[in-house]
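One structure is given here, and the rest of the page talks about it.
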Amino acid sequence: TMFSYNKSSLNLLTTLYFFIRRAFMRNLSFFVRISMITIALSIILLLVLAGLMYSVHLSQNQISFGVFFIYVISCFFGGFLTGKKLKVRRFLWGLCFGIGYFLILFLFSIVLGSNIAENLPHILSVLLACAVSGMVGGIIG
């Protein structure tokens, strides 16, 4: 079948899962602090974008690009700080940070009543952008 696993790949996945879980729990307060910093950065940049919308009358495409750019900058910054702190497997931790940032955005969207099925292509592109920019930030950090 398409999803058949051998014993060694299951052992590898299990080992990786427990490694990430243990390392994440050891650095939980750090991840919470970095998440708060990047969310604050996002809010500040969104306020700047709102000011530009008011003063320059941006088009819908420009606003969408601006919001997307804010996601990328925030994930890059969070991945960078994560890579600076952890120093090992920085690309993996940056990737995890980017996915975590996306999950925070995704849960917030669900709470606000966003239609997920209707926005699926946009959601997937934001997930990819957050993951990649967090990973790149982690590598550079």
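The values are calculated or read from the model by the stated rules, or taken from the named source; none is laboratory data. This structure is a prediction, so every number in the text was calculated from the model and none was measured. Positions of Cβ are generated from backbone atoms using ideal geometry, with glycine treated the same way; all protein chains shown enter the neighbour counts. Surface accessibility is based on the protein's heavy atoms, side chains included, excluding ligands, DNA and RNA. Shrake-Rupley method; radii C 1.70, N 1.55, O 1.52, S 1.80 Å.
In region 15-51, of all residues being free of Cβ contacts under 8 Å to residues at least 60 places away in the same chain and polar (S, T, N, Q), the one that is surrounded by the most Cβ atoms within 10 Å (Cβ to Cβ) corresponds to SER42.
Of everything in region 110-141 that's of a type in the set (S, T, N, Q) and at pLDDT 85 or above, which residue is least open to solvent (accessible area, probe 1.4 Å)?
That would be SER133.
Being at pLDDT 90 or above, under 30 Å from PRO121 (Cα atoms) and out of contact with any strand residue (DSSP E or B) (no Cβ under 7 Å at 6 or more places or on another chain) holds for only one residue in PHE31, PHE3, PHE91, PHE102, and it is PHE102.
In region 111-132, the residues that are in a loop (DSSP other than H, G, I, E, B) reach residues that are open to solvent by less than 60 Å² (accessible area, probe 1.4 Å) and aromatic (Phe, Trp, Tyr) with C-beta atoms within less than 9 angstrom, at least six apart or across chains, in these pairs: SER114/PHE106; ILE116/PHE106.
For region 52-88, filtering for residues that are farther than 20 Å from LEU124 by Cβ, touching a Leu at 6+ places or on another chain (Cβ under 7 Å) and surrounded by 15 or more Cβ atoms within 10 Å (Cβ to Cβ) leaves 2.
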